[in-house]
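The values are calculated or read from the model by the stated rules, or taken from the named source; none is laboratory data. In this text the structure is predicted, and so the values were computed from the model without any measurement. So basically every Cβ, Gly included, is an ideal-geometry build from the backbone, and we count neighbours across all protein chains shown.
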């Protein structure tokens, strides 16, 4: 088997990635490399929809439970960890399957880290101008120099407006142009990329069902346990879908029914953004139907010839 051969399985949240990946691993000698930015955290199991202990005992999973909730975990660390895991899978004579819905992580692994430079001095200059001149002034500046980025950023989103201006200042070109060049580059691997394509109405039904199941399985108790260990809402991990909604109930008194409704709404919005990203993934094979792993298996057999 070619040294740089790699399987990738992605799709929006609640589309069935875990079930499909495990089904494929029962057919082929696969090991699964997690590409979900939240499943890396220990103790955050229910809200991240991690594979069950039984599933992980049956099929080797990598990059699950590799960081504490207060650790910084980003695309750079993911790429290093994933590359090490992929080497190990190959050394054992198996085929690595990268599975998850964090598009930035997958793209960074396949094409390298986003080449958008950073300079704290430049960033601080724009941050100070935001305070002194107002966000409207900086957003209008961004509209002039990088309208594509401005179209994707809310005028009141200080962090993203400042970041886009920072990149433009340092590189002399719009951040959107550099991102487009990066995302259209070729993969560093020989990749067979699968995307689970689910009808939107069905996807939203699954999301609502999953959210209800998470609360029934003890999501509130999971968050209470994390708080008891000192993991507060200031952590990026605790600001993730589900966790921030439960925190709003526990700490701010938001009624449970309202917190659940907001979680469903925000998860649907998140899934919509994932679908948009995946729709632009050139060469990906769309998998539909009740048994998407069967279509994927046929493609994998051809890939391995």
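Remarks
- Taking the stretch 157-219 and the helices (runs of 4 or more DSSP H) fully enclosed by it, the elements with 3 or more residues that are in contact (Cβ under 8 Å) with a residue 40 or more places away in the chain, in contact with a helix residue (DSSP H, G or I) (Cβ under 7 Å, 6 or more places away or on another chain) and buried (at least 21 other Cβ atoms within 10 Å of the Cβ) are at 200-217.
Let's see how each residue does on (1) out of contact with any helix residue (DSSP H, G or I) (no Cβ under 8 Å at 6 or more places or on another chain); (2) assigned to a helix (DSSP H, G or I); (3) modelled with pLDDT of 95 or more:
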position: 224; (1), (2), (3): no, yes, yes
position: 233; (1), (2), (3): no, no, no
position: 261; (1), (2), (3): yes, yes, yes
position: 283; (1), (2), (3): yes, no, no
position: 296; (1), (2), (3): no, yes, yes
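A quick yes/no check of all residues on (1) surrounded by 16 or more Cβ atoms within 10 Å (Cβ to Cβ); (2) within 21 Å of residue 49 (Cα to Cα); (3) in contact with a strand residue (DSSP E or B) (Cβ under 6 Å, 6 or more places away or on another chain):
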{"site": "236", "(1), (2), (3)": "no, yes, no"}
{"site": "242", "(1), (2), (3)": "yes, yes, no"}
{"site": "255", "(1), (2), (3)": "no, no, no"}
{"site": "284", "(1), (2), (3)": "yes, no, yes"}
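- Members of the stretch 273-305 found to be touching a residue at least 60 places away in the same chain (Cβ under 8 Å), within 15 Å of the chain's Cα centre (by Cα) and within 20 Å of residue 206 (Cβ to Cβ), listed by number: 274, 275, 277, 278
- The residues listed here are 289, 261, 253, 283; of these, the one that is in the same structural domain as residue 27 (by TED's automatic domain parsing) and within 13 Å of residue 196 (Cβ to Cβ) is 289.
- Check on residue 144, surrounded by 12 or more Cβ atoms within 10 Å (Cβ to Cβ) and at negative phi: no
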